[in-house]
Every structure is written in structure tokens, then in C-alpha cells.
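Colleague: Let me begin by handing over the structure; questions about it come next.
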Amino acid sequence: MRMSPIANRKWMPWCALALAVLAGCGKAPEQADAAKPAAGHAEKLADGVIVHLDQGTQQVRLQAVDERIVHVTAVPDGKFELPGSLMAVKTGGATHFTVDETPDAVTLKTERLSARVSLRDGAVRFLDASGKPLLAERADGRTFQPETVEGKPYYAVRQRFESPADEAFYGLGQHQNRQMNYKGEDVELAQHNMDVGIPFVVSSRNYGLLWDNNSITRFGDAREYQPLSQSLKLYDVDGKPGGLTASYYDAGGTLKLKRVEKQPDYQYLKDLTQWPAESPAKTTGKVVWEGSIEPAVSGVHKLRLYASSYAKVWLDGKLVYDDWRQNWNPWYHNLRLPMDAGSQHKLRIEWLPNEGYLTLLHLDPLSGDEQNELSLFSEVGHAVDYYFVAGDNLDQVIAGYREITGKATLLPRWAYGFWQSRERYKTQAEILDTAKRYRELGLPLDNVVEDWSYWPEDAWGSHDFDKSRFPDAKGLVDQLHAMHVQLMISVWPKFYPTTKNYQELDAKGYIYRRNVEKGEVDWIGKGYLNAFYDPYAEEARHIYWRQIQEKLGAVGIDAWWLDASEPDTHSNLDIAERKLRMGPTALGPGGAFFNSYPLMHTTGVYDGWRRDHGDRRAFILTRSAFAGQQRNAAATWSGDVASRWSNLHDQISAGLNFSLAGIPNWTTDIGGFALEPRYEKPGAADLDEWRELNLRWFQFGAFSPLFRSHGQFPYREIYNLASPGSPVYEALAYYDRLRYRLMPYIYTLAGDTYWKDGTIMRGLAMDFPGDAKVRGIDDEYMFGPAFLVAPVTEYKATSRPVYLPAGAGWYEFHTGKYHEGGAAIQADAPLARMPLFVRAGAIVPTGPDIQYTGEKPDAPVTLLVYAGADGQFSLYEDEGTTYGYEKGRYSRIALSYDDKAKTLTIGKREGDGSGAPAKRQFVVRVIRADKANADGVDAGGDKSVEYDGTTQTVKL
């Protein structure tokens, strides 16, 4: 069982300690060499101030990044000789600020905020321009704990902040525990197949905190979850102390072994070696643990189930977990149980292992109100290093994150169309047949994706096509391009030692050798030795890019699918072993850089593309992400999630918080990647459910930033999910076509991610900050400023409750029916339609039916105007595939609606007009509360406008 080296230690308070430095901010040797002023003195810097405190050599540095952003670095030894940040491209540099010193504090002040350092304890407080408090460190909240990692000195670091009871927290990346508002929650940031750690948290109080640390980080409770027996008394089914009763059954239900165990202890590969020889349940059968647990302290106790395959958990007789996950990809599920000290509570776990994994972990309640604070802890570091970002709203806060870490690069327009993928197209012919079939059926498509194993079986990492299955890779790409279809291809950071690419990287010291030294083979064929490369060396990144460019880029591949970028060197290893197998890196131990691998990996590929592909836009899809990755044209998908309704629901909050963490492009495997066994050869009932699950997920996918179908067999093509002409097929086709009809709106949202630091998939708290009821909603969201999306996540549901936020009126998109906001309704959800609402005042530009995003660029644009409130939108267009937008080559047309005057103003074109016709027809269509319409297409009262780039006003 994994044990944290700091789990049960007392934290060392802020004090003078020897410090070797590594993460977080730009080098400043001139500061370190300066003679230290007297205690309590402020040392002015070009972009901030160093505050020397009374307690030994402790120091706090404040750097102004701009008027809304302050960079805070605290060190215990007075040295700021820290290497450059991996995530931040801007660590300071602002010069418009003042520094004021009093006997009690040193204050750095910009036009928009102040950062005040107490000279008594070093705690930092942030206030707005009027002096209103925004955030405050706790007086005793900064701690350093000495650690040795692979023989090198580091610290585990933690910073705690005060938080009022009504505050809500979002962001932190993508997490699969159905957590929306993190207030009072625990979140571990540790890259995993389905979990993405981004150390940026935003608050309902309109600030954000970017924590500059590359190691495993915990929000909330800094302690690591522990085995049950660590902090609970366990009793068997007969009430005897010492452990739980474990019963092992064979497939026929015959009891094979009964014994007392202190813990269900099958969490990692190493734990499976202790499986009892008497039991066949590891592959076929069932295990049951039952008994009672007794806490030593009172409060709300935290339990964390880690499981794959079928598992059920009962607490005090209540079923609290009943789910399935593929056996090779377990994940966590959080449970809470109020318990009084000395009380006993029944526990029962049933599990069908199927060679899977399971454990149940526990933590006692935190004392006082600590659980509800804003707290960030990292396992390995050298400084407390973070950026405070203030804003008037969460959009400004996210813009501040991107100022620090880099602007989001605009993806090619075709990336926002529909992608068809499967695990996997085994031949060149299968790929071409898929594209042809979509075109024959008139189903819009922009991208086909080739997953792993197009190479010869024994040559992973060669980047060669298996000629027997892919005889003409360039011809394949050319034929797809002739059909206006792009090809994205899967490329891993993984190599077999027999390949020349491995040997070239290894000769330079750029291969993580431990996997090979351990004799670890993968799951392909007979199993092959393999290892991952080290992207922390610039030369290694150059070599990796050259290798994929020479073999794949040269044939015209359009985009890169960078799979396993956590990196997943071998699934189900314990965390300590994972750290060893992803290092040592060129910059230090793997544990010190645990979360940053995807950033460095995508950096090399993006930089290489920009260098070698001229003006052609890059596009990367990756399974993991880290702060700053938006600057690398990198989108992320949610990993190998399961084909379960529960997983569909989980994706909503996962995608929302990923977007709130500052990275705008995200997607999922529509239908779930891994199939529950009953869907592999389904009977009639299971086939109906399979189709409905895919349809409901497809509806959600159509209103995700990126729209992508992928998964294991059965095949996921629309025509393979259901027969043409069937109700399910027609509904799938409807949403595919609707996505393309909305492309003028969607591509504007995409353009705004660059031009306005926009967010496409939006938590309701972003747009309705004054409505406290939206803060915890985990199954609704805004798609841009206009659409409220309410996916259906239950089988056979034909309606679902929807809360319509206060402060707006709402139209049902599919009927035109109007509702006032601030109330919950039971929304109709027939199989063919997902509840979808449009905000009053919205202006939604739509286009014609098209087969790919670049078709009919000169077609009329229909502007759907939803009456009932004033509204604005700004239609954005460019060439769609080049970087001309960076040089001013684009078109933007401001649209504004005056509800009282019933007029629409189409503004003067901005930019040089690239990507848009010089003259265009706009059709204006008004949707009003007193006139129902279907999907905005039969509202009537159309007005046609011939637009020539000058301002025009239309009376409606």
C-alpha cells in the first residue's frame, strides 16, 4: 500500500533551513548576492519587492506581472536562485506599482490590487483597489518539510489560505469524481490515464491561484489517504476485532477461502502477488469483505474506493457504490460517512475481480475548519511559489492565467468539425472506406483518426507503417484530402529497444531505462520490452520531432494524437515506482516533475511543427495536460473512460473544470472507450441500451469544444451504431448536421479563445455569478454565451430536471417555448433530442448544411436573434488553416440587438477581411416568446441584408 513519506509527520513551520532550489520562477542571482538588509526591511526590485522578515533568513518576494497579477515566492533560506518555470512564460516584469513599508507590513500596490506582507509572520493578504479583502494566507499556513528524493534535498511545501463559507472553487484540471465545486473537497493532482492535474484554481470571489509546482499536488487535505486499519478499528462479521471477514468464492458461488484481513489490498500490480493460492476468484469468482469499522474521532469521515471490474459497497446497510470499470483501468470514488468516536458502522464490499484492482482507503476528519480552506500542498519543491490573479469576473481571471502561461493557439477550423475514430482501423482500406461511406450518406465529417498499431507488431516507436496493411501512406492521405478529410495519427512517446529511434535517443541518454531494466513487456503479441523518452532535454525534443516528421509528417499527416502522455510507462504500477520509471529526467528526479511531462512532450512537437510546416496550423490531441499547454495547440481528451451512464455524467464536471483551469479545447470518447462486457455481444435489450448510451453521449459531444467519436468494438461510426433510416441513426445524423449548421457560432467561440482568452465550455458560475444555486450544478453548462446544455445521463429518461439560472429568460431551442430564469423545470428529453436552451438576447449565427467545415465559405449566414433582452455577439472568420490571424488577417463583425427598439446593428468589419467574402447575405430571424418555432428554422419574419463591410441597422 502506498504510504506518503509525510503522511504522519508534523509540519515544520516557516524557519531558516538549508534549501536546494528547483521549481517556480526566473533566476535572479543578483538578488541572492545582494547584502541582506536589516530584519523587517523592504528591498525594492525592478518589478517588485523582497521582504526580509524578523524570523531568521526567511523571505517573501512579490513581483508584479501586471496590474491584476502578483507573483509570490517564499523561501526559508533567503535565496532566490531558482531555475525558470516550466509553466510560466511571464513571471514578473511590470513596473507600474508602488511599495509602502510600515512597522507592521510591506505593501506592493498596482492600480487594481494590493499585496500586503505581514512583518510579524510573513503571511500575504490581497486586496482590491478599494481595499476590499480578496484572499489571505493563514498566519500559520506556510510550511516546509525536508525531503530527500533520489539522494537530493527538497521540501514538501504547503500553503493554506482563509476562505469564507460561501466561497466556491473550480478548475484544477480534469477529475473523474463528479466534483464541481471543490469547496470542502479533496483533489489529488497526479497525472493518470483519465485524470489531469493542472494546478490552477479559480474562486467565485473572482480570483485565481496558479501554483507553480511540477510534482504531485493536493488541494484540500494534504494528507494521503491511508489503509483502513491505519486509523480505524476493524471488526469481522462476528464482531471480533482485528479485521474484516474476507470470503473468496469461485464462479459457481462455492466458498473457497474465508479469513480475516485488515484491508482489501489489491491496489497495484505489486499487490496482486499476494492473491491467495486457494482462490480462483482473481479471474473467475467473487470476493466479499464484511464487518464493521470504528473511528477514534468524531466527524465526517472520508473513504476512497479504488476499483475496477464490478464492485459494490454498502455502508450501514445502504448501497453507496455500484459500478463497473474495465479491469486494467481502476479509478477512485469518494465516499463520506458521519461517525462518532467509538461507534461501529457496518461495511460490506462485493467484488468480481476479473484480474482487476481494488482497495478502500480512509482519512479521519480534519480538525476545525481546515477542510473548507483553500490549501495547496506539493510533495516535492524548493519554494512556495504561486501567482495571484484578480479579475472582475472569471473570464478575466482565466485571461490572467493565459497571460502568465501563454495564449491559447487557435486550432485549424476543421478541428471543430466531426471526427470519426475507433480502436482501431487495421488497414488503409478501412480508413478510406469510412470516409467514403460518410460522404455517400451525406454525414458531415472533417477528420478520421488512426489509432495505435499501424506499425509492424515488433516495431513500436519506429513510426513506420506496416506495408502489408498500409501499402501507400501518402496515397492514403492524398485520397482523404481529395474528399476534404484530414488524417490524425497516434504517436506515443514509447519505443521498443530494437528500433533505430530508441537507439538514437538512448545513445544520447534520453530514454528512461528502468522499464527495460525491470524486464517489463507490454500487451502486444508475445509482449515486448519498451521504454519512454525524456522530453525535458531540448535535444531530445528535437530528435523526437525529427523522427516523427521524417516518417509521418512527410506523407502529409494533418495532426498528432500524442497518447499516453502522463506518461503511462506501465499501467497499474504504484506511484513510487511510476516516479522512478519516468526518470531521472534531464532536469532532476521523476517525482519532482511528475505532472509536467505532457507540457514538455507537446512543446517539442508544437515547436517542431511551427518550425517545419510554415503557415499551416498545428493540432495536437493529448491524453494529459499541464498548466501552459494551451500555448502548444494542444487539446485534451478525458482518457479511456468506460461505457457506463455514470461515466457519461462524470464527463460533464470533468470537462467544465478542465476548461475553468484555463485550457479551452477538450473532448471525450463518445460512448466511452472501454465496453462493459454485456455490450460486446449484446442481446436485444443490451443493444438498445448501447445505442441509447451512444446517442445521449453523442448529443453531449455535439456541444463539447471538440466533437469526437472513439472506442473499442463495436464500431462507432454513425452507420454502424444504427441502421440508416432508424430513429437512432436519424437522431445521430441530426446532431452531426446541427454541429455544422452552428459552425459560424462555434468557430467564433474558437477564435475568441485566442483573441479574447475565451472559454467555450463554461461552468454556470462563470455567466451567473450572482445566482448561488448554480455553484454546485454538475450536469448543466453554457456552450458559449448563448446555449445552456443539459445532457441526459440516465437510461430510458424522457425528461430531466433543469435549473434555468436567474437573471435571464430562456428559450427551448427545439420548440421555441419561453421560460423565465431562476427556477427549475422538468424538461422534455425524448430520445431524439437533448434539452437545449438559448438565452434571451442571444445572437446565434448559423450556416447552411455542409459536409465539411471549409465548404460553402460564401454562403449566407442566418442570424438567430432571441428577443426578450439586449444582446451582442461578434462573428469571427479567418482562412481556417493558417496563422494569418496572428498578422491581422481575419474578419470580425460586431452584432448588437436592441430589444426595446427591436433593431439589429451589423457593425463595420474589423481586420483585413480574410476568410470572409467581401459581400455577404445575412438573413435575420427573430425568435419571440409569443411565437413557437422548431430549432430556429421556422420563426418567420426573415429579413435579408446585403452586407458589404459597412455598418447596417435592421428593423425587426
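Colleague: What whole number of Å gives the distance from the Cα centroid of the range 346-390 to the Cα centroid of the range 612-651?
Modeller: 25
Colleague: What fraction of the Cα pairs in the chain, stated in percent, has a spacing above 49 angstrom?
Modeller: Working: 101273 of 456490 pairs.
Across the chain, Cα pairs with separations above 49 Å total 22 percent.
Colleague: On to the next question. Positive end of the charge dipole of the range 877-944 (Lys, Arg +1 and Asp, Glu -1 on Cβ, about the Cα centre): tell me which of G880, A929, T905 has its Cα farthest that way.
Modeller: Working it through, the farthest residue towards the positive pole turns out to be T905.
Colleague: In whole Å, how far is the Cα centre of the range 403-446 from that of the range 78-126?
Modeller: After rounding, the separation between the Cα centres reads 46 Å.
Colleague: Counting only residues 5 or more places away or on other chains, whose amide H sits under 5 Å from the amide H of F626 once H atoms are built in the peptide plane?
Modeller: Counting only residues 5 or more places away or on other chains, the set is L599.
Colleague: Kindly rank 772-783, 394-405, 507-518 from highest to lowest mean number of other beta carbons found within 10 Å of each residue.
Modeller: Packing proxy ranking, top to bottom: 394-405, 772-783, 507-518.
Colleague: Please give the calculated 222 nm ellipticity per residue for the chain, where each DSSP H segment of at least 4 residues contributes -39500 (n - 2.57) and the sum is spread over every residue; nearest 500 deg cm²/dmol?
Modeller: The helix contribution divided over the chain gives -5000 deg cm²/dmol.
Colleague: With the contact rule set at Cα under 8 Å and sequence spacing of 6 or more, what percent relative contact order holds for the chain?
Modeller: 10
Colleague: With +1 assigned to the C-beta of every Lys and Arg and -1 to the C-beta of every Asp and Glu, and no other charges, what is the dipole magnitude of the range 776-955 about the Cα centre in debye, to the nearest 20?
Modeller: 440
Colleague: Taking amide H positions as placed in the peptide plane 1.01 Å from N, state which residues far from E147 in sequence (5 or more) or on other chains have amide H under 5 Å from it.
Modeller: Long-range HN contacts for E147: Y154, Y155, A156.
Colleague: Work out from phi, with θ = phi - 60° and the Karplus expression 6.51 cos²θ - 1.76 cosθ + 1.60, the ³J(HN,Hα) of each residue of the range 195-203, listed in order in whole Hz, and give x for Gly and Pro.
Modeller: Residue by residue, the range 195-203 yields 10, 10, x, 10, x, 10, 10, 10, 10 Hz.
Colleague: On average, how much area does the Cα convex hull of the range 72-202 cover when viewed from any direction, in nm²?
Modeller: Average projection, Cα convex hull of the range 72-202: 10.9 nm².
Colleague: Oh, and also: Apply the Debye scattering formula to the range 776-955, with a single equal point scatterer on each alpha-carbon and no solvent, then give log10 I(q)/I(0) at q = 0.20 Å⁻¹.
Modeller: Each listed q corresponds, in turn, to -1.31.
Colleague: I would also like to ask the following. Hey, got the dipole for the range 226-365? About the Cα centre, +1 on K and R Cβ, -1 on D and E Cβ, debye to the nearest 20?
Modeller: Working: 17 positive and 16 negative charges, 17 e Å.
Using Cβ point charges on Lys, Arg, Asp and Glu, the range 226-365 gives about 80 debye.
Colleague: Rg/Rh for the range 511-612: what does it come to with C-alpha atoms and Rh from Kirkwood?
Modeller: When Rh is taken as the Kirkwood radius, the ratio is 0.98.
Colleague: If you don't mind, another one. Can you list the equivalent-ellipsoid semi-axes of the range 577-649, largest first and in whole Å, using the square root of 5 times each Cα gyration tensor eigenvalue?
Modeller: The equivalent ellipsoid of the range 577-649 has semi-axes of 24, 23, 8 Å.
Colleague: Could you tell me which of rounded, prolate or oblate describes the range 226-365, using a ≥ b ≥ c as the square roots of the eigenvalues of the alpha-carbon gyration tensor, with rounded for a/c under 1.5 and, failing that, prolate when a/b is larger than b/c and oblate otherwise?
Modeller: prolate
Colleague: Give, rounded to the nearest 20 debye, the magnitude of the charge dipole that the chain has about its Cα centre when Lys and Arg contribute +1 at Cβ and Asp and Glu contribute -1 at Cβ.
Modeller: Numbers: 108 positive and 125 negative charges, 80 e Å.
It comes to approximately 380 debye.
Colleague: Under 5 Å between amide hydrogens, which residues at least 5 positions from G758 or on another chain qualify, with H placed 1.01 Å from N in the peptide plane?
Modeller: Distant-sequence amide H within range of G758: T753.
Colleague: Excluding same-chain residues fewer than 8 positions from K796, which lysines have a Cα within less than 25 Å of its Cα?
Modeller: Qualifying lysines at Cα under 25 Å: K312, K318, K681, K817.
Colleague: Now for a different question. Please report the spacing between the Cα centers of the range 836-874 and the range 271-336 in Å, no decimals.
Modeller: About 49 Å separates the Cα centre of the range 836-874 from the one of the range 271-336.
Colleague: Which whole-Hz ³J(HN,Hα) couplings does the range 364-380 yield from phi under the Karplus relation 6.51 cos²θ - 1.76 cosθ + 1.60, θ = phi - 60°, glycine and proline marked x?
Modeller: 5, x, 6, 6, x, 9, 4, 4, 9, 6, 8, 9, 10, 10, 10, 5, 9
Values quoted throughout were computed directly from the atomic coordinates according to the rules given, and no laboratory measurement underlies them. The structure displayed is predicted, hence computed values, not measured ones. As a convention, Cβ positions derive from the backbone with ideal geometry for all residues, glycine included, and neighbour counts pool all protein chains shown.
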